[in-house]
1. Just one of (1) assigned to a helix (DSSP H, G or I); (2) at pLDDT 75 or above trips up residue 53, so point out which.
2. Considering each residue of segment 34-50, count those that are in a loop (DSSP other than H, G, I, E, B) and of a type outside the set (Lys, Arg), and give that number.
3. Among the residues of segment 22-42, which ones are open to solvent by less than 40 Å² (accessible area, probe 1.4 Å) and either at pLDDT 90 or above or among the β-branched types (Val, Ile, Thr) (or both)?
4. All but one of (1) in a helix (DSSP H, G or I); (2) modelled with pLDDT under 75; (3) more than 19 Å from residue 24 (Cα to Cα) hold for residue 88, so report the exception by its number.
5. Can you tell which of 70, 56 is within 18 Å of the chain's Cα centre (by Cα) and open to solvent by 80 Å² or more (accessible area, probe 1.4 Å)?
Amino acid sequence: MAEEHGASIEGMEQEYVHILFGMSDAGSLKVALSALGKRETSQVLAFNELFSIGPLSGLDTITGMQNRHLWIMERDENYSLSQHHNQENQLVHMAQTVKARWMR
């Protein structure tokens, strides 16, 4: 089947990349794309990150991501607990996936 965040499904090149900011939205889009017969040509990437709070500068660097995480951890004692779930959709992994997609 599909490679995790990969560029192809069963050897077929994906034409479209959809970037969403919520797991539920990503799931809904995947269902809609499947119903339209477009799932095989579409890669759906979902950030499991709340961008309405915390610093956003430098998120394309490890230092910027670390600064954001430290800022949030200082203000939300439960934040570090949530970072162990859905790690493939966390900021660091998603940034790497998006960069890799556009570096081809």
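The values are calculated or read from the model by the stated rules, or taken from the named source; none is laboratory data. Remember, it's a predicted structure, so these values are computed and weren't measured experimentally. Calculation scope for accessible area: heavy atoms of the full protein, side chains included, ligands and nucleic acids excluded. Shrake-Rupley method; radii C 1.70, N 1.55, O 1.52, S 1.80 Å.
1. Going through the list (1) assigned to a helix (DSSP H, G or I); (2) at pLDDT 75 or above, residue 53 breaks only (1).
2. The initial filter retains those residues of segment 34-50 that are in a loop (DSSP other than H, G, I, E, B), namely 36-38, 47-50.
Still in the running and of a type outside the set (Lys, Arg): 36-37, 47-50.
Total meeting the criteria: 6.
3. Quick first cut of segment 22-42, residues open to solvent by less than 40 Å² (accessible area, probe 1.4 Å) only: 22, 26-27, 33, 41-42.
26, 27, 33, 41, 42 - these are the residues of segment 22-42 that are open to solvent by less than 40 Å² (accessible area, probe 1.4 Å) and either at pLDDT 90 or above or among the β-branched types (Val, Ile, Thr) (or both).
4. In the conditions (1) in a helix (DSSP H, G or I); (2) modelled with pLDDT under 75; (3) more than 19 Å from residue 24 (Cα to Cα), residue 88 misses (3) alone.
5. Values: 70 fails: within 18 Å of the chain's Cα centre (by Cα).
Going through 70, 56 in turn, the sole match is 56.
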